[in-house]
Amino acid sequence: MKQFAQDAIARFATANSALEVWAEASRALEYLGFCKFAYAFQHQQILQFTLDQSSGAIVSSQQHRIRESSDSRQSFAFFDNFPGEFNERYWKDGFAENDPGTPYCLNKLAPTSAWINPDLLSSNRAAQKLAEEMRGIGCKSGMVIPLRDNQPWGIGGAGIYHNMNEAEFFRFVAERQNSILLLLICAHTSLQDKFHESARLKCTLTARECEVLLWSAKGLESEEISERICLSLATVNFHVANAMKRLGAATRTQAVARAMLNGAIKP
């Protein structure tokens with residue numbers, strides 16, 4: 001994992017607020033090469049926080065209401081670094097109600113292209129207009145990444161964007177995939193921690209649980225870990241499952257993120 005992203009994750013644990021976590025995550029995403037990025041998670045109010053990249057300061061903090069929506073799943077806290085003019089149109093011109101990334105992150109698990117996946121390219125004219133507007137601010141290619149937590153409020157998602165073409169973008173992402181996913185999951189977990197006190201989960205892992213998570217953080221699959229530490233595949237998976245349960249993690253990657261944030265492992 002790139003050192004800058006790893007250092008950012010370490011700073012998540014000492015951040016005093018959600019805005020500090022988002023500022024650290026934004027700096028790391030910019031360092032990794034992305035020009036625009038956004039993150040949202042379920043919240044009881046619709047809030048938006050926008051980061052100015054040049055100053056590193058939160059330049060707007062607004063509360064919004066999505067029109068004609070009584071579905072509580074449509075209440076989110078938003079964090080982004082998009083231009084103010086774009087954000088104004090996003091809320092005023094009906095883009096919020098028709099953003100295809102929202103239902104995708106609510107119902108899917110796998111990351112996908114922001115523009116070429118048929119689940120995201122809706123026949124809805126407003127959704128198509130949103131894609132045009134985003135290309136206009138330099139988001140020519142991008143990826144939507146659903147994020148999960150084992151808490152009731154734990155559904156979220158991130159969008160990361162670049163001005164390169166799709167083929168170049170996916171080569172670009174593939175070179176940074178482990179850093180990107182771990183960074184975003186750690187940011188998601190840290191932001192949940194700041195917004196929901198009960199999301200904090202401190203626990204003690206066994207030495208073996210720490211060991212398998214440490215190798216997982218370095219990108220090894222269970223089979224590779226089994227060979228590396230001379231344990232059976234079933235035993236490795238047993239330790240991974242126990243670590244996930246202790247940490248309240250929905251996935252192995254989230255278990256790694258929580259173990260890092262708790263200081264249990266240091267890749």
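Mind listing whichever residues of segment 160-175 are part of a strand (DSSP E or B) and closer than 29 Å to Trp215 by Cβ? Of everything in segment 160-175, just one residue is part of a strand (DSSP E or B) and closer than 29 Å to Trp215 by Cβ, namely Ile160. With respect to (1) out of contact with any Asp or Glu (no Cβ under 8 Å at 6 or more places or on another chain); (2) at pLDDT below 80, the lone exception for Ala126 is condition (1). Scanning segment 234-243 finds no residues that are closer than 23 Å to Arg27 by Cβ, among the aromatic types (Phe, Trp, Tyr) and surrounded by fewer than 19 Cβ atoms within 10 Å (Cβ to Cβ). Of the helices (runs of 4 or more DSSP H) that lie entirely inside segment 176-267, those containing 2 or more residues that are over 24 Å from Ile145 (Cβ atoms) and of a type outside the set (Lys, Arg) span 207-217, 222-229, 233-247. For segment 143-161, the condition holds for no residue, the condition being that it is hydroxyl-bearing (Ser, Thr, Tyr) and at pLDDT below 90.
Being within 15 Å of Ala38 (Cα to Cα) and either aliphatic (A, V, I, L, M) or at pLDDT below 85 (or both) is the requirement here; does Gly84 meet it? Yes. Against the numbered list (1) more than 30 Å from Asp80 (Cα to Cα); (2) of a type outside the set (Phe, Trp, Tyr); (3) modelled with pLDDT under 85, Lys218 comes up short only at (1). Close contacts from segment 16-35, counting a first residue that is outside any helix (DSSP H, G or I) and a second that is hydrophobic (A, V, I, L, M, F, W, C), with Cβ to Cβ under 7 Å and a gap of 6+ residues or different chains, come to Gly33/Phe172; Phe34/Ile160.
Across segment 125-142, the qualifying residues are those that are crowded, with 18+ Cβ neighbours inside 10 Å and in contact with a helix residue (DSSP H, G or I) (Cβ under 6 Å, 6 or more places away or on another chain), and the one among them that is nearest to Ala110 (Cα to Cα) is Ser141.
Of all residues in segment 52-73, none are farther than 21 Å from Cys186 by Cα, at pLDDT 60 or above and not in a strand (DSSP E or B). For Gly138, the test of being part of a strand (DSSP E or B), over 12 Å from Ser113 (Cα atoms) and at pLDDT 85 or above is failed.
The values are calculated or read from the model by the stated rules, or taken from the named source; none is laboratory data. In this text, all values refer to a predicted model and were calculated from it rather than measured experimentally. Positions of Cβ are generated from backbone atoms using ideal geometry, with glycine treated the same way; all protein chains shown enter the neighbour counts.
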